[in-house]
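All of the numbers you see were taken from the coordinates with simple rules; none came from a lab. On a predicted model such as this, the values are computed, not experimentally measured, just so you know. With ideal geometry, Cβ positions are generated from the backbone for all residues, glycine too; neighbour counts draw on all protein chains shown.
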Amino acid sequence: MSRSPLREAAQRLVQEGLLTATPGRGLRVSVIGSEHLQDLYDARAAVEFEAIRLIVRQADASVLGDIDAALAELVRVSAGDDARAIGDADLVFHRRLVEASGNRRLSQYIATLAIETRIASFSTSDEYTVRRDVSPTYRALVDALRAGDADAAIAALQTQFDEAVARLSGRLDEVGVEVDTIAQPTTEPPALASAGRQRRAGVSGTRLRSAVGKTMAPVPKNRGQALSQRSVRSKGLEPPTF
């Protein structure tokens, strides 16, 4: 495969803010520090609040099944000790919420924002920390959707977002919220080990760095789509659909 698809994929990810290009140093996964958390969650609120309004306006109870299933999965994995599985289930819940609105563009936006949320979680600490006790706001949100109460659903989600920003920025004490969390060290995914051996054997590629500063596997020049996939899947998420 030519290098053109690779460049196009890289440029698109840079435009989305998921990669940062540094002249003479190549590409790295962007860092989203605590000073940007409010902006990130404000953007998520704009997308997810509108999704809630659309769901209520359409009054189609059948679309709530996937949201219920996503919440059940979040509750299930939260009983375990896998922080990444809990984080993934949380983001899946929010993606299912937006997808239930039936708006394709909103779904594309939340796909990118979900990845940015994961990057922010890795950027603000040396450990990947998630909330282990499922916030009651999730059930309140779903119940409000079933009742056709958009305002109540939005209020529940706003509370959830406020708590998330406070937790990620280390301000839970300031807002008077106590949550049970679980942390997992940020280590290079095992799947990258074989690619690392290839690098040592002389395979050239583009080096990326994760949001926590660890070197990720290079992308061989003959694997055009690998950049977009690995750069976002290294943290356990699917890449956005463009």
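The set of residues in region 131-163 being within 20 Å of A43 (Cβ to Cβ) and hydrophobic (A, V, I, L, M, F, W, C) consists of L141, A150, A153, I154, A155, A156, L157, F161. Scanning region 77-89 for residues that are touching a residue at least 12 places away in the same chain (Cβ under 8 Å) and either of a type in the set (K, R) or touching a helix residue (DSSP H, G or I) at 6+ places or on another chain (Cβ under 6 Å) (or both) yields V77, S78, R84, I86, A89. Scanning region 88-103 for residues that are within 16 Å of R44 (Cα to Cα) and not charged (D, E, K, R) yields L91, V92, F93, H94, L97, V98, A100, S101, N103. Can R104 be described as out of contact with any strand residue (DSSP E or B) (no Cβ under 7 Å at 6 or more places or on another chain) and within 18 Å of E35 (Cα to Cα)? Here the answer is no, as R104 does not meet what is asked. Scanning region 142-182 for residues that are out of contact with any Leu (no Cβ under 9 Å at 6 or more places or on another chain), exposed (fewer than 15 other Cβ atoms within 10 Å of the Cβ) and within 24 Å of E50 (Cβ to Cβ) yields D143, A147, G148, D151.
Residues that are closer than 16 Å to A144 by Cβ, of a type in the set (A, V, I, L, M, F, W, C) and surrounded by fewer than 20 Cβ atoms within 10 Å (Cβ to Cβ) within region 57-70 comprise A59, A61, V63, L64, listed in sequence order.
Residues in region 43-76 that are of a type outside the set (D, E, K, R), within 18 Å of Q108 (Cβ to Cβ) and touching a residue at least 60 places away in the same chain (Cβ under 8 Å): A43, A45, V47, F49, I52, I55.
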